[in-house]
Amino acid sequence: MNKIVTIISSIVESAFVECGYDSCYGNVTVSNRPDLCQYQCNGAMAAAKVYKKRPSEIASEVIEKLKASEIFSEVTIVNPGFINMNLKDEFISEYINKINSCHSYGVEITDNPKKIIIDYGGANISKPLHVGHLRTAIIGEALKRMGRFLGNEVIGDVHLGDWGLPMGMVISEIKSRNPNLPYFSHKELDEYSSKAPFTISDLEEIYPTASKKAKEDSVFMEEAKMATFYLQNGKKGYLALWRHILKISTEDLKKNYGKLNVEFDLWKGESDCHKYIDKLTSYLKEHNYAYESEGALIIDVAEPEDKKPIPPFILLKSDGAVLYSTTDLATIYERVMLYKPDLIMYVVDKRQSLHFEQVFRCAKKTGIAGEALNLQFIGYGTMNGKDGKPFKTRDGGTMRLEELIKQVQQKVKEKITMNNSDLDMDEIEDISRIVGLSSLKYGDLSNQISKDYIFDIDKFTSFEGKTGPYILYTIVRIKSILRKAAERKLPVSSSIGKPQSNTERDIMLKLSLFSDIVETSFEEKVTHKLCEYMFELSNLFNKFYQENKILTEQNLELQGSWLSLLSLIKGVLETCCSLLAIEVPERM
Ligand code: ARG
C-alpha cells in the first residue's frame, strides 16, 4: 500500500499541474509544526522563483484545486506561501484500517530487492567479547532485520578475526607451556587429535598472557610472528592447533551472540579468503596495480582531489605476511565470487574509516569490486563512561560484555522485584534478562550511529524517559489491558472508528507513518529514527491511557474500536522491537 505522504503528495502534485506548474513542487511532508497542521507543502516558494510570481499567488491557485479533494478537512496558506493541510478524520481512520489489515503494517516489499552482505560482529577468536563488540553486533543485527523486512536478501557475516598475529601469540604461548605436544614436533602428522589440549577458560587466560608477554618480550614477539607466518603458510601442526582454537572460540561466541539475539548466517573469518591471496596478488602485479616498495607490495590509492593524504594500500608486508588490509581486499574478492552482492555494508568502529577508505578505493580501482557493487562503511562511535572516556571497568580494564550485561540485568532486577511481589524467582530472572537487554540495546540504538555516547546505567535502565524499559513497559501495559478485555469478553471491533479526541487522532497519524520510518531508516542506515518513533508512539498511547477509562467505557462501540486500536499500537511497537532485536516480556 502507498505511504500516506505519497498519497497526499500525488494529490497536491496534480493540483500544481492543473494550475500549470511542474509536479515537482507538490511534494508534501509531515508538518514540522504539528501545532499548526498535520502536513505541509513548501513548493510554492520554489515555484515562485521559476514562474516569476508571488508564492502566495501560486499557493492560492493550488489550494482552490485542493478544496475539491475528498481527503482534506482544512487547507490554508501561511505567509509567504506555505500550504498547510489537515486530513479528514474519515480518511485517517480508513487509512489506519488498511494498515491494520496488512501484516507488515503498511510496509511495502521493495520492488527492487538487493542482495546485501552485512559484515558485523567482527569478534576476534580466543578473546572474549568485550564492550567494544557491543555496538557492531546490535547495530548490524538491526540493519539486517530492517533490510529483510523490506524484502531484500540480507546475509549477515560475523567475519571473525582469526588469521592474524594474535593467533601466532596463542600458538607460541601454548608451545612454551607444552613444547612436547605433537603440534610442535618437526615430524608432521597426517592427522592430529580431534580433542583440543585446552578449554575455553584456558584460552581466555592464554591470550591475555601471551599478548602481555609479546609487548614486554621481543624474543617472544618474534616467535609469535614466526608462528603466524608458519600458520599462514600451512604448517600442518599449527593449522591443527588453530582449528581447535577456532572451534572452541566459535562455540563460545555463538552462545554469547545468541544471548544478545544476534544471529549470523555466515561464520566466516579473515582466514577464509586465504586461498585466494596468491591468485589475487598475481593478478594485481600483472596488471601493474601492485608494485614493490621497501620490500612490501603496495597499491597507490591516493587521488588528486584528496584533502588529506591517503597512504598507499599495503597488500603484503616485506616478510610476506598477510595484513588486515590483505584479508579485507581478498574477502571482497571472495564475496563477489560466491555471492554476487549488490551491496556490502561494514558495521565497524569509525576509527577504522581510513582503513576502509583504502580498501574500498583499492577494490574499485583494481576492478575487484565492479561498478555495480556498492561498498558502504557504517562507522559507529565509542561507548564512553560517565567520564567521557571509553567505557572501562572500575580498575581501568576492558569490561567483558558478559559482565556489562550482568550489571544491567542486576539493576533491572532490583526494580522488577520491587514492583512484582507475586512473581517467582525464575520469572523475575527471565524478565530482568529481557528488560536489561532492552536497556542496553535501546540506549545504544537511540543514538546516531556515528556519534559517541555515554553509557549511563541509571538512565538506561529507567522505566521513564526515552529508554528500552519504558517502551517495553508501554507494550506490557497494552498487553495487560487486552488480556483483561479478553477475560471480560469485551468485544473488539473489526474496524477502528474515527478518532474521538486529539490524542486519538495523533496516535493514528503516528501509526500511519510507520512504513515511512522503516523505509527511511534503512535507506539512511540509521536506527535512532525508529527508536524515536517508538518513543513518540509510546508517549501518545500513555497519554491516551491517562485520558480514557478503556476497560470501563460504557459506549461499547467506542470501546471495541479502542481495543482494536490498542492491538494495532501493540503490533506496531512489537514490530519495531523485533526489527531492533529487542524481546518483549509478557509482564514486568
Ligand atoms: N576484527 C576486527 C576488529 O576487532 C573487526 C572486523 C571488521 N570487519 C572487517 N571486514 N574488517 O577490529
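The values are calculated or read from the model by the stated rules, or taken from the named source; none is laboratory data. Since this is a predicted model, take the numbers as computed values, not measurements. Please note: Cβ atoms are built from the backbone with ideal geometry, for glycine as well, and neighbour counts cover all protein chains shown.
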query: Can you name every residue in the stretch 169-183 that is part of a helix (DSSP H, G or I) and under 21 Å from Ser218 (Cβ atoms)?
result: Met169, Val170, Ile171, Ser172, Glu173, Ile174, Lys175, Ser176, Arg177
Sole residue being among the polar types (S, T, N, Q) and closer than 28 Å to Asn384 by Cα, chosen from Ser185, Ser172, Ser218, Ser211: Ser211
- prompt: If you go through the stretch 480-492 one residue at a time, do you hit one that is at pLDDT 95 or above, among the charged types (D, E, K, R) and not in a helix (DSSP H, G or I)?
  reply: yes
Identity of the residue in the stretch 160-188, among the acidic types (Asp, Glu) and more than 15 Å from the ligand (Cβ to nearest atom), that ends up surrounded by the fewest Cβ atoms within 10 Å (Cβ to Cβ): Glu188
Residue list for the stretch 295-352, filter: surrounded by fewer than 17 Cβ atoms within 10 Å (Cβ to Cβ), among the acidic types (Asp, Glu) and either under 21 Å from Gly140 (Cα atoms) or within 11 Å of the ligand (Cβ to nearest atom) (or both): Asp342, Asp349
query: Restricted to the stretch 357-382, and to residues that are out of contact with any His (no Cβ under 9 Å at 6 or more places or on another chain) and polar (S, T, N, Q), which residue is modelled with the lowest pLDDT?
result: Thr382
statement: Flagged pairs (Cβ under 7 angstrom, 6 or more apart or on separate chains; first in the stretch 300-328, closer than 22 Å to Ser271 by Cβ and modelled with pLDDT of 95 or more; second within 16 Å of the ligand (Cβ to nearest atom) and aromatic (Phe, Trp, Tyr)) are Ser325/Phe313; Thr327/Trp163
statement: Restricting attention to the stretch 350-383, the residues that are under 19 Å from the mean Cα position of the chain (by Cα) and either assigned to a loop (DSSP other than H, G, I, E, B) or more than 30 Å from Tyr276 (Cβ to Cβ) (or both) number exactly 3
message: I'd like to check something: does the stretch 65-74 contain any residue that is within 30 Å of Ser172 (Cβ to Cβ), in contact with a strand residue (DSSP E or B) (Cβ under 7 Å, 6 or more places away or on another chain) and either within 16 Å of the ligand (Cβ to nearest atom) or among the polar types (S, T, N, Q) (or both)?
response: no
statement: Those residues of the stretch 140-155 which are under 17 Å from Leu373 (Cα atoms) and within 15 Å of the ligand (Cβ to nearest atom) amount to Ile155
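Among the helices (runs of 4 or more DSSP H) lying completely within the stretch 395-467, list those that include at least 3 residues that are within 20 Å of Asn261 (Cα to Cα) and of a type outside the set (Lys, Arg).
Counting at least 3 such residues, we get 401-419, 425-445.
Any idea which residue in the stretch 549-588 is farthest from Asp422 (Cα to Cα), counting only those that are of a type in the set (S, T, N, Q) and free of Cβ contacts under 8 Å to residues at least 24 places away in the same chain?
Asn555
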query: Given the structure, is Lys275 more than 14 Å from the ligand (Cβ to nearest atom), assigned to a helix (DSSP H, G or I) and exposed (fewer than 14 other Cβ atoms within 10 Å of the Cβ)?
result: yes
field: Complete set of residues in the stretch 118-139 that are within 13 Å of Gly381 (Cα to Cα), within 10 Å of the ligand (Cβ to nearest atom) and of a type outside the set (S, T, N, Q)
entry: Gly132, His133
message: Glu90 - would you say it is of a type outside the set (A, V, I, L, M, F, W, C), over 30 Å from Ile174 (Cβ atoms) and under 21 Å from the mean Cα position of the chain (by Cα)?
response: no
message: Can you pull out every residue in the stretch 443-453 that is closer than 12 Å to Lys466 by Cα and out of contact with any Lys or Arg (no Cβ under 8 Å at 6 or more places or on another chain)?
response: Leu445, Asn447
message: Checking Lys215 against (1) modelled with pLDDT under 95; (2) part of a helix (DSSP H, G or I): exactly one of these is not met. Which one?
response: (1)
message: With the structure loaded, tell me whether Glu519 is under 16 Å from Thr474 (Cα atoms) and acidic (Asp, Glu) or whether it fails that test.
response: no
query: Condition test on Val476, is it within 23 Å of Leu573 (Cβ to Cβ), in contact with a helix residue (DSSP H, G or I) (Cβ under 6 Å, 6 or more places away or on another chain) and in a helix (DSSP H, G or I)?
result: no
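Every residue, every condition in (1) under 21 Å from Val107 (Cα atoms); (2) modelled with pLDDT under 95; (3) over 18 Å from the mean Cα position of the chain (by Cα); (4) buried (at least 21 other Cβ atoms within 10 Å of the Cβ), yes or no:
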{"residue": "Asn542", "(1), (2), (3), (4)": "no, no, yes, no"}
{"residue": "Tyr545", "(1), (2), (3), (4)": "no, no, yes, no"}
{"residue": "Glu553", "(1), (2), (3), (4)": "no, no, yes, no"}
{"residue": "Thr575", "(1), (2), (3), (4)": "yes, no, no, no"}
{"residue": "Ile582", "(1), (2), (3), (4)": "yes, no, no, yes"}
